[in-house]
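Below is one structure; the comments refer to it alone.
The values are calculated or read from the model by the stated rules, or taken from the named source; none is laboratory data. No experiment lies behind these values; they were computed from the predicted model shown. Cβ: placed from backbone, ideal geometry, glycine included. Neighbour counts: every protein chain shown.
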Amino acid sequence: MITPLDIENKKFSKQMMNGYSVEEVDDFLDDLTEDYSKNYKEATELKAKVEELTRKFTTLQSN
């Protein structure tokens, strides 16, 4: 899985002609990193919650 840090540290080679604007790419990657970080954190928290609830449910079933 790509992490927010992977996005933040991604570098692109510079083109001499007809390349992308470095500033626009950097701005887009900044926005992407911010959104991806939020989603990554939420997914991690939800996974932990599912694991916790699964443990509780399993414990209740075994009693």
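Here are a few things to note about the model shown:
- Verdict on T54 being free of Cβ contacts under 8 Å to residues at least 12 places away in the same chain and surrounded by 10 or more Cβ atoms within 10 Å (Cβ to Cβ): yes
- In region 1-12 there is at least one residue that is of a type in the set (A, V, I, L, M), modelled with pLDDT under 85 and within 18 Å of the chain's Cα centre (by Cα).
- The numbered conditions (1) surrounded by 10 or more Cβ atoms within 10 Å (Cβ to Cβ); (2) modelled with pLDDT of 90 or more; (3) out of contact with any helix residue (DSSP H, G or I) (no Cβ under 7 Å at 6 or more places or on another chain) are all true for Q61 except (1).
- Among the residues of region 1-38, just one is loosely packed, with under 11 Cβ neighbours inside 10 Å, among the polar types (S, T, N, Q) and assigned to a helix (DSSP H, G or I), namely N9.
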